[in-house]
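Asks: Okay, handing you the structure first.
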Amino acid sequence: MIKAVWIKHASQLVTLANKVPGPRIKDAMNELSIIENGSIWLENGIIQAVGTTEQLETLYKEREIEAEIIDATGHLLTPGLVDPHTHVAFGGSREREFEMRLEGATYMQIMNAGGGIHATTKMTREATEDALVDQTSKRLDSFLAHGVTTIEGKSGYGLDLETELKQLRVMKRLQEEHPVDIVPTFMGAHAVPTEYKGREEEYVDLIINEMLPVVAKEKLAKFNDVFCEVGVFTPEQSERILEAGKSLGLTPKIHADEIEPYEGAELAARVGAISAEHLLKASSTGIQAMAEQGVIACLLPATALYLRETAAKGRVMIDAGVPVAISTDCNPGSSPTTSMPLVMNLACISMRLTPAESLCAATYNAACAIQMEDKVGSLEVGKQADVVLWNVQSYQQLQYLFGVNHVKTVWKKGVKVVG
């Protein structure tokens, strides 16, 4: 029985081998640690060796018969992509809202009319756990087909204890049943449910006193996220929710400064969030505070495109020393996509990231944003054997030839799952 995979002769093997711990900033985001004529040996789900083909032939020539040999001549080899911000587990669909936006309705107008998050909440509450597992599994299949091997998944379409737990349990089931690794985030503070309109403080108390303790006790989430936005949760409410989660062992994340400037970036720095997400309207003060505290900016260029908004200032953030990651923001309302390759293209086009920075933001820095960098995000000995072979010769071509899925083969923990 073949237990090993030996990939040889890659035109570029992008290792992203890390020289110092933690997310990469500034010039380090351009340092991809590329091996030409690269080779990698995968065995028992782990990367066993990385180097030139000549080096690995010296090491493994006598074991060649034990491995499936892949000739990667003319192809790019990278780590599996990491998506650090998704809302992947939800019920239903909202294609009508796409038309409404094209007719002139804004995100908040749709939400205040009972659409948006509230519409998906209704459909998710009505869906059975098995139905959600089935729908979410199909999205995970699509992620894999686009080279994504690890994602973060948020709750937040329940907005009551029962459905929030249902979403988190769906992700826990799929972590065991599906090849994609799912890192769970509790986001009961995604919106104030319609039944609490006018009683917003009561809902904040419900999150703090009832939801968070159960989520922490059952170990259903690693992170606690909140939508800090005008008309959703105030900075003061957001801080209370994030600090309550911290006291229970849940690391803070924050949806910040997406629709209007609201000091969300500053709050992320103040509470020690691992990441702040969106940041389209982040202030210069907030960006500097994030840089000083090492808060990762998780930027979502596909969401900005879909909402016809100006993208976040990715170039400014990198130059200021903020570590940057990128994500699909896969969700039913503002970014119904699973294509991280497209997101990498958009990061270059709309946020002025270099092709190297974009790939770093979708692999190693993305892994740091969900505290998975010890397992995924780079091709280094001892890490999970999550590898993608692409139908291009270089990482520059991967970003240049935009809007196309160039995935040829994907291995997850050393097992071929695509191709």
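The values are calculated or read from the model by the stated rules, or taken from the named source; none is laboratory data. These numbers come from a predicted model, not from an experiment. Note that we place each Cβ from the backbone using ideal geometry, even for glycine, and neighbour counts take in every protein chain shown.
Asks: Identify all residues within the stretch 290-310 that are buried (at least 19 other Cβ atoms within 10 Å of the Cβ) and within 18 Å of E263 (Cα to Cα); write none if there are none.
Replies: Within the stretch 290-310, M290, A291, V295, I296, A297, C298, L299 meet the criteria.
Asks: Now for a separate question. Output the residue which, of all residues in the stretch 356-406 that are assigned to a loop (DSSP other than H, G, I, E, B) and charged (D, E, K, R), is farthest from the chain's Cα centre (by Cα).
Replies: This residue is E380.
Asks: Restricted to the stretch 311-340, and to residues that are of a type outside the set (V, I, T) and in a strand (DSSP E or B), which residue is surrounded by the most Cβ atoms within 10 Å (Cβ to Cβ)?
Replies: Result: A325.
Asks: I need a count of the residues in the stretch 342-368 that are among the β-branched types (V, I, T), buried (at least 24 other Cβ atoms within 10 Å of the Cβ) and farther than 17 Å from S33 by Cα.
Replies: So the answer is 1.
Asks: Can you work out which of the residues in the stretch 251-265 that are surrounded by fewer than 21 Cβ atoms within 10 Å (Cβ to Cβ) and touching a helix residue (DSSP H, G or I) at 6+ places or on another chain (Cβ under 7 Å) is nearest to L305 (Cα to Cα)?
Replies: The residue in question is I259.
Quick grid of which residues meet (1) modelled with pLDDT of 95 or more; (2) among the charged types (D, E, K, R); (3) farther than 30 Å from N224 by Cβ; (4) surrounded by 13 or more Cβ atoms within 10 Å (Cβ to Cβ):
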position: E36; (1), (2), (3), (4): yes, yes, yes, no
position: W41; (1), (2), (3), (4): yes, no, yes, yes
position: Q48; (1), (2), (3), (4): yes, no, yes, yes
position: Y60; (1), (2), (3), (4): yes, no, yes, yes
position: L77; (1), (2), (3), (4): yes, no, yes, yes
position: V82; (1), (2), (3), (4): yes, no, no, yes
position: R94; (1), (2), (3), (4): no, yes, no, yes
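Each row is one residue, and each column tells you yes or no for (1) of a type in the set (D, E); (2) touching a Gly at 6+ places or on another chain (Cβ under 8 Å).
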position: I70; (1), (2): no, no
position: F98; (1), (2): no, no
position: R101; (1), (2): no, no
position: G104; (1), (2): no, no
position: Q109; (1), (2): no, no
position: M123; (1), (2): no, yes
position: E126; (1), (2): yes, yes
position: D130; (1), (2): yes, no
position: T149; (1), (2): no, yes
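Asks: What do you reckon, is K172 modelled with pLDDT of 95 or more, outside any loop (DSSP other than H, G, I, E, B) and either under 16 Å from C330 (Cβ atoms) or in contact with a helix residue (DSSP H, G or I) (Cβ under 8 Å, 6 or more places away or on another chain) (or both)?
Replies: On the way: modelled with pLDDT of 95 or more: yes; outside any loop (DSSP other than H, G, I, E, B): yes; either under 16 Å from C330 (Cβ atoms) or in contact with a helix residue (DSSP H, G or I) (Cβ under 8 Å, 6 or more places away or on another chain) (or both): no.
So K172 fails the test.
Asks: Taking into account only those residues within the stretch 271-289 that are in contact with a Pro (Cβ under 9 Å, 6 or more places away or on another chain) and over 20 Å from T310 (Cα atoms), which is surrounded by the most Cβ atoms within 10 Å (Cβ to Cβ)?
Replies: Residue satisfying both the conditions and the ranking: S275.
Asks: Can you tell me how many residues in the stretch 118-132 are hydrophobic (A, V, I, L, M, F, W, C), in a helix (DSSP H, G or I) and either touching a helix residue (DSSP H, G or I) at 6+ places or on another chain (Cβ under 8 Å) or within 21 Å of E97 (Cα to Cα) (or both)?
Replies: Within the stretch 118-132, residues that are hydrophobic (A, V, I, L, M, F, W, C), in a helix (DSSP H, G or I) and either touching a helix residue (DSSP H, G or I) at 6+ places or on another chain (Cβ under 8 Å) or within 21 Å of E97 (Cα to Cα) (or both) number 3.
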